[in-house]
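S.K.: Here it is, the structure in full.
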Amino acid sequence: MSNETNYNAPKEIKPIKVINTYELQDEAEKIVPKGGFDYMAGGSGDEFTLRRNTAAFNKKGILPRVLSDVEFPETKTSIFGIDINAPFIMAPIAAHGLAHETKEAGTAKGVSDFGTIMSISAYSGATFEEIEKGLDGSPRWFQICMSKDDELNKNILDEAKADGATAIILTADSTLSGNRDRDDHNQFVYPFGMPIVSRYLTGDGKNMSLNNIYSQSKQKISPRDVRFIAEYSGLPVFVKGIQTPEDALKAIGAGAAGIWVSNHGGRQLDGAPASFDVLADISKAVAGRVPIVFDSGIRRGEHIFKAIASGADIVAVGRPVLFGLALGGSEGVKSVLDYFKKDLERVMQLAGAQTVADIKNTRLIDLD
């Protein structure tokens with residue numbers, strides 16, 4: 001794929017039928033160019049952590065509840081004063097143009113039409129203005145991948161705020177790329193530029209590898225960076241990539257307004273535990289001081305339910321949405337989000353949970 005001068009991303013825009021999100025990946029593989037598909041679907045190393053992210057949910061069970069007087073469960077919730085139609089948002093993911101020619105604007109329209117928050121990646125292949133055409137004023141957060149030059153970071157934060165971002169996500173677990181064998185085999189490079197971060201790259205991102213881009217970004221991330229972003233932007237800051245209680249407390253001590261439990265979808269340190277494996281301990285340490293967002297491995301309504309019952313306030317979904325984008329553009333994105341909402345409602349009813357608050361008070365059981 002690295003030598004392709006024309007990357008032929010899917011173009012069709014249509015609603016899609018979602019029976020389960022695993023099958024979306026299989027269908028997307030048939031129409032997305034191999035280099036782009038492997039970049040989206042792959043993980044690091046042996047992909048142990050990638051697989052574990054979903055398998056770990058099977059360690060906990062949801063007790064069916066009867067005589068619960070539950071009908072038409074309510075999935076609406078809010079975070080930082082933003083009302084959303086379900087307790088999940090779009091995770092920040094780079095390069096949506098690998099999935100569909102509409103890039104992040106297509107994802108943004110599907111997210112907006114559904115009624116939740118779009119997380120815009122600094123490694124977006126679209127400009128803020130292009131993404132806004134899809135969002136049309138809907139809420140968005142911005143995920144920053146920091147430059148080594150804080151003046152450039154200020155410039156990027158200024159743009160994100162002017163665009164309407166109401167929170168900043170500092171991705172702290174990606175100071176270099178994981179050993180992504182699929183990308184190495186494909187000699188993967190981005191087939192288009194990255195306008196937001198191009199100001200600190202030697203080039204605009206096009207025909208660059210992920211390792212090349214990471215090497216030009218800031219490697220040394222510390223509590224000082226959390227304080228800098230919070231103080232300069234004046235916005236709540238999530239620290240994304242938290243996988244231990246100790247780091248959660250360190251982030252809060254540095255001024256983080258939210259904790260984002262994630263292992264980057266199994267794309268960084270292979271052999272790390274699943275995000276779900278560490279969520280409950282992190283939630284116990286955070287003790288409600290700040291909200292917790294959870295990602296990595298969400299594929300079913302049961303997964304959303306278990307994550308919230310284990311301490312997350314909301315979850316972020318990633319790959320399934322991109323595969324929906326590939327299969328149906330913005331309408332495919334909305335189809336996937338609608339599926340998750342309907343699937344979660346089913347689980348809530350069978351588990352006797354009328355509201356998201358009820359999910360948080362649900363006791364899961366250990367399974368053999």
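S.K.: Just going by the charge dipole of segment 169-231, with Lys and Arg at +1 and Asp and Glu at -1 on Cβ, which of 230, 200, 219 is farthest out on the positive end?
M.R.: 230
S.K.: Can you tell which of 80, 117, 18 lies farthest toward the positive end of the dipole of segment 1-138, using +1 and -1 charges on the Cβ of basic and acidic side chains (Lys, Arg; Asp, Glu)?
M.R.: Comparing the listed Cα positions along the dipole, 18 ranks first.
S.K.: In segment 98-207, how does Rg compare with the Kirkwood Rh, expressed as the Rg/Rh ratio over alpha carbon atoms? Spell out each step's value before the answer.
M.R.: Details: Rg = 14.4 Å, Rh = 14.9 Å.
Over the Cα atoms of segment 98-207, Rg/Rh equals 0.97.
S.K.: Under a Cβ-Cβ cut-off of 10 Å, what is the net charge of the residues other than residue 245 that fall near it, where Lys and Arg count +1 and Asp and Glu count -1? Don't skip to the answer; put the middle values down first.
M.R.: Details: positive: 250, 284; negative: 246, 247, 281.
Charge balance near residue 245 sits at -1.
S.K.: Take each complete run of DSSP H in the chain, measure how far its Cα atoms stretch along the helix's own axis, and keep only those covering 20 Å or more with mean Kyte-Doolittle hydropathy at least 0.0; list them. Could the numbers behind the result be given before it?
M.R.: Values: long enough: 319-351 (33 Å, 0.19).
Membrane-span-like by this rule: 319-351.
S.K.: Take the alpha carbon atoms of segment 273-289, find their center, do the same for segment 183-256, and report the distance between the two centers in whole angstrom.
M.R.: The two parts, judged by their Cα centres, are 22 Å apart.
S.K.: List the chymotrypsin sites (Phe, Trp or Tyr not before Pro) in segment 221-329 that DSSP assigns to loop (not H, G, I, E or B) and whose Cβ has at most 11 other Cβ atoms within 10 Å. Which are they? Could the numbers behind the result be given before it?
M.R.: Details: sites: 228, 232, 238, 260, 276, 294, 305, 323; in loops: none.
The qualifying sites: there are none.
S.K.: Something else now. Name the residues of segment 235-263 whose amide N is less than 13 Å from a point 7 angstrom out from the Cα of residue 289 along the C-beta direction?
M.R.: 245-259
S.K.: Cut-off 10 angstrom, C-alpha nodes, Gaussian network model of the chain. Which of 222, 138, 262 fluctuates the most?
M.R.: 222
S.K.: Only one of the values (i) 1.14; (ii) 0.99; (iii) 0.93 was calculated from this structure for Cα Rg over 2.2 N^0.38 Å; name its label.
M.R.: (iii)
S.K.: Got a sec? Which residues in segment 203-225 would a label at residue 155 touch, if it sits 7 Å along Cα→Cβ and we count backbone N under 14 Å?
M.R.: Those under the cut-off are 203-204.
S.K.: Using a 1.4 angstrom probe on heavy atoms only, work out the carbon and sulfur share of the accessible area of the chain in %. Let's see the in-between values first.
M.R.: Numbers: 7250 of 15040 Å².
The C+S portion of the solvent-accessible surface of the chain is 48 percent.
S.K.: Segment 1-63 to segment 81-126: how many Å between their Cα centroids?
M.R.: Value for the Cα centre distance between the two parts: 16 Å.
S.K.: In a shell of Cβ-Cβ distance under 12 Å around residue 121, excluding residue 121 itself, what net charge do Lys and Arg (+1) and Asp and Glu (-1) give? Present the calculation step by step, with values, prior to reporting the outcome.
M.R.: Numbers: positive: 103, 140, 240; negative: 104.
So the surrounding residues net to +2.
S.K.: Let me ask something else about it. Would you work out which of 70, 108, 174 lies farthest towards the positive end of the dipole of segment 57-175, given +1 charges on the beta-carbon of Lys and Arg and -1 on that of Asp and Glu, about the Cα centre?
M.R.: 70
S.K.: In whole Hz and in residue order, list the ³J(HN,Hα) couplings for segment 68-80 that follow from phi through the Karplus curve 6.51 cos²θ - 1.76 cosθ + 1.60, θ = phi - 60°; x for Gly and Pro.
M.R.: Running phi through 6.51 cos²θ - 1.76 cosθ + 1.60 with θ = phi - 60° gives 9, 6, 10, 8, 6, x, 9, 9, 5, 8, 8, 8, 6 Hz.
S.K.: Can you give me the orientation-averaged projected area of the convex hull built on the Cα atoms of segment 250-368, in nm²? Write out the running numbers ahead of the final one.
M.R.: On the way: hull surface 35.6 nm².
Hull-based average projected area comes out at 8.9 nm².
S.K.: Between the DSSP loop rule and a limit of at most 12 other Cβ atoms within 10 Å, which trypsin sites (Lys or Arg not before Pro) in segment 139-226 are left? Please list the in-between numbers first.
M.R.: On the way: sites: 140, 148, 154, 161, 180, 182, 199, 206, 218, 220, 224; in loops: 148, 180, 206, 218, 220.
Here the sparse-neighbourhood loop sites are 148, 220.
S.K.: What does the charge count near residue 367 come to, summing +1 for each Lys or Arg and -1 for each Asp or Glu among other residues with Cβ under 15 Å from its Cβ? Before the final figure, lay out each step's value.
M.R.: Numbers: positive: 59, 60, 306, 363; negative: 277, 302, 366, 368.
Summing Lys and Arg as +1 and Asp and Glu as -1 gives 0.
S.K.: Taking the Cα centre as origin and putting +1 on Lys and Arg beta-carbons and -1 on Asp and Glu beta-carbons, what dipole magnitude results for segment 250-297, to the nearest 20 debye? Mind dumping the intermediate values first?
M.R.: Values: 4 positive and 4 negative charges, 43 e Å.
It works out to roughly 200 debye.
S.K.: Counting pairwise Cα distances across segment 298-368, what percent come out greater than 16 angstrom? The partial results should precede the final answer.
M.R.: Working: 1236 of 2485 pairs.
Percentage above 16 Å: 50.
S.K.: Considering only the chain, what is the antiparallel percent among its DSSP beta bridges, to the nearest 5? Can you show the working numbers first?
M.R.: Working: 7 of 30 bridges.
Roughly 25 percent of the DSSP beta bridges within the chain come out antiparallel.
S.K.: Moving to a separate point now. Subtracting the Cα-Cα distance from 0.36 nm times the residue separation, let me have the gained length for residue 181 to residue 71 in nm, one decimal. Before the final figure, lay out each step's value.
M.R.: Details: separation 110, 0.36 × 110 = 39.60 nm, distance 4.72 nm.
Between residue 181 and residue 71, full extension yields an extra 34.9 nm.
S.K.: Oh, and also: Give me the one-decimal Kirkwood hydrodynamic radius in Å for segment 80-153, with the sum taken over alpha-carbon pairs.
M.R.: It is 12.7 Å.
S.K.: Something else: Hey, got the dipole for the chain? About the Cα centre, +1 on K and R Cβ, -1 on D and E Cβ, debye to the nearest 20?
M.R.: Numbers: 41 positive and 48 negative charges, 83 e Å.
With only Lys, Arg, Asp and Glu charged at Cβ, the dipole is about 400 debye.
S.K.: With every protein chain present, what is the per residue accessible area of the chain (1.4 Å probe, Å²)? Write down the numbers at each step before the final one.
M.R.: Values: 15040 Å² over 368 residues.
Here the residues of the chain average 41 Å² of exposed surface.
S.K.: Quick one: plug the Kirkwood hydrodynamic radius of segment 1-134 (C-alpha pairs) into Stokes-Einstein at 10 °C, 1.306 mPa s, and report D in µm²/s. All intermediate terms of the calculation are to be shown ahead of the outcome.
M.R.: Values: Rh = 17.7 Å.
Result for D is 89 µm²/s.
The values are calculated or read from the model by the stated rules, or taken from the named source; none is laboratory data. What you see is a predicted model; the values in this text were computed from it and never measured. Here the Cβ is made from the backbone with ideal geometry for all residues, glycine too, and neighbour counts use every protein chain on show. These accessible areas exclude ligands, DNA and RNA; they are computed on the full protein's heavy atoms, side chains included. Shrake-Rupley method; radii C 1.70, N 1.55, O 1.52, S 1.80 Å.
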